[in-house]
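**Q** Structure below; questions to follow.
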Amino acid sequence: MNKLLMGTAVAALFVTPAMAGPVAVTVGGYYNSVVYSQDADEFETRDLGVHNDAEIIFKGKGKTKNGIEVGFQVQLEAEGAGESDHIDENYVYAKGDFGKVEIGAENNAAYKQQVSAPKFLGWKTYDNNFETWRKVSSFDKPLMDGVEGDALKINYYSPKVNGFQISYSVTPDARDTSGDTALYLDNGELDSDGDVARKGSSTALGLKYSGKIAGMKVKASYGINELDEDTGVDPREDTAMGLSVSSGAITVGGTMFTKDANGAETDILHYAIAYKLSKATQVGLMMHNQEAPDGDETNIMVVGGSTKIGSGAKLTYSYETVEDDNPEKGDSTFMGVGLLLKF
């Protein structure tokens with residue numbers, strides 16, 4: 001399968017005619033800032049907290065003379081300071097009748113196909129890039145990007161057939177999730193610092209369906225992502241099933257996720273219901289239930305909504321509770337009001 005994927009990548013990116021015109025470059029992104037009134041039982045937290053999440057995204061797109069679309073994407077982390085300011089995802093791609101091929105530092109294709117809970121707040125409750133819950137609970141994302149992150153890889157997406165699309169990813173070196181890699185050293189060899197040069201290669205396989213059933217919009221996904229068994233490192237396998245159904249103003253969706261790391265299994269159910277009150281406003285309820293290998297549970301609830309206040313601008317508001325069986329975590333509450341800008 002890996003050889004077939006490599007052959008498709010070579011054909012897509014290198015066996016192409018001259019460009020029909022220059023590559024057009026655009027700049028976009030988002031900036032999300034939330035002010036929270038916050039309280040955590042086991043932590044000395046400020047009464048007032050500011051949580052930010054932002055990226056500036058550069059995109060390029062052009063076409064060859066025979067109609068193959070080629071392009072790139074570079075994502076710049078726009079929030080933080082010092083070493084946290086960096087470029088993470090960056091890749092080139094080719095898209096045509098053969099499907100789509102991506103090469104570079106990017107999340108795996110099964111992750112990018114994943115169906116999950118609706119975003120009634122504008123931001124993704126299943127991602128929690130604000131890290132509001134991560135430090136005060138055992139919260140783990142129910143997403144397929146945990147094995148190798150943005151490590152350099154090849155992603156392939158098949159053409160859609162009757163609403164179905166498959167994807168496959170191969171990551172030669174899953175050691176550095178930020179995109180760097182040891183180019184030549186194999187597993188077990190040491191780099192210049194005396195560390196193991198590779199964490200091991202990984203593969204991911206995904207299946208997604210998008211279409212209409214009985215007048216309702218339906219999306220469903222299944223994905224599996226794992227480190228290769230013969231790499232000499234602790235085994236890791238993530239699996240996820242997602243479903244989303246929309247009918248009129250209501251959308252219900254969620255993910256069942258399992259992380260099996262060296263035989264220790266974490267199970268997560270993350271789901272939400274969203275309701276459009278008007279063209280500008282939607283509200284919703286999210287529930288996150290997580291069971292750790294030792295049996296401890298983490299339960300998170302979010303209720304709130306968002307209102308469009310201008311082109312590319314939303315006001316967000318939420319009430320969030322955390323209950324964690326881990327005695328070092330405890331219970332927490334957050335009440336937040338924020339501004340989400342997309343550009």
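The values are calculated or read from the model by the stated rules, or taken from the named source; none is laboratory data. Computed from a prediction, not measured in an experiment: that's the story for all the values here. All Cβ positions, even for glycine, are placed from backbone atoms using ideal geometry, and neighbour counts span all protein chains on display.
**Q** Looking at 312, 338, can you tell me which residue is surrounded by fewer than 16 Cβ atoms within 10 Å (Cβ to Cβ) and in contact (Cβ under 8 Å) with a residue 24 or more places away in the chain?
**A** On inspection, the qualifying residue turns out to be 312.
**Q** Every residue in region 86-121 that is surrounded by fewer than 21 Cβ atoms within 10 Å (Cβ to Cβ), closer than 23 Å to residue 252 by Cα and not basic (Lys, Arg), please.
**A** Of everything in region 86-121, nothing turns out to be surrounded by fewer than 21 Cβ atoms within 10 Å (Cβ to Cβ), closer than 23 Å to residue 252 by Cα and not basic (Lys, Arg).
**Q** Name the strands (runs of 3 or more DSSP E) wholly within region 200-302 that hold at least 3 residues that are modelled with pLDDT of 95 or more and closer than 30 Å to residue 38 by Cα? Steps first, answer last, please.
**A** Details: elements: 202-213, 216-227, 236-247, 250-261, 264-276, 281-291.
Counting at least 3 such residues, we get 250-261, 264-276, 281-291.
**Q** Moving to a separate point now. If a residue has to be within 12 Å of residue 320 (Cβ to Cβ) and among the hydrophobic types (A, V, I, L, M, F, W, C) to count, how many in region 37-54 make the cut?
**A** Residues that pass the stated criteria total 1.
**Q** While we're on this one: Name every residue in region 147-164 that is crowded, with 18+ Cβ neighbours inside 10 Å and either closer than 17 Å to residue 200 by Cβ or over 18 Å from the mean Cα position of the chain (by Cα) (or both), in order of residue number.
**A** Scanning region 147-164 gives 147, 148, 149, 150, 151, 152, 153, 154.
**Q** Pick out the one residue from 302, 283 that is crowded, with 16+ Cβ neighbours inside 10 Å and either in contact with a Cys (Cβ under 6 Å, 6 or more places away or on another chain) or closer than 18 Å to residue 132 by Cα (or both).
**A** Result of the check over 302, 283: 302.
**Q** Scanning for something of a type in the set (A, V, I, L, M, F, W, C), within 21 Å of residue 112 (Cα to Cα) and in contact (Cβ under 8 Å) with a residue 40 or more places away in the chain, does region 231-238 turn up at least one residue?
**A** So in region 231-238, the residues of a type in the set (A, V, I, L, M, F, W, C) come out as 233.
Those left that are additionally within 21 Å of residue 112 (Cα to Cα): none.
Scanning region 231-238 turns up no residue that is of a type in the set (A, V, I, L, M, F, W, C), within 21 Å of residue 112 (Cα to Cα) and in contact (Cβ under 8 Å) with a residue 40 or more places away in the chain.
**Q** Looking at region 61-74, which of its residues are touching a Ser or Thr at 6+ places or on another chain (Cβ under 9 Å) and buried (at least 16 other Cβ atoms within 10 Å of the Cβ)?
**A** Of everything in region 61-74, those that are touching a Ser or Thr at 6+ places or on another chain (Cβ under 9 Å) and buried (at least 16 other Cβ atoms within 10 Å of the Cβ) turn out to be 64, 68, 70.
**Q** Also, quick follow-up: Against the condition within 25 Å of residue 240 (Cα to Cα) and touching a residue at least 60 places away in the same chain (Cβ under 8 Å), how does residue 105 come out, does it pass?
**A** Yes: the conditions hold for residue 105.
**Q** Also, quick follow-up: Would you be able to tell me the number of residues in region 303-333 that are charged (D, E, K, R) and in a loop (DSSP other than H, G, I, E, B)? Before you say what the answer is, go through the steps one by one.
**A** From region 303-333, those charged (D, E, K, R) are 308, 314, 320, 323-325, 328-329, 331; that's our starting set.
Next, only the ones that are in a loop (DSSP other than H, G, I, E, B) stay: 325, 328-329.
Going through region 303-333 one residue at a time, the tally reaches 3.
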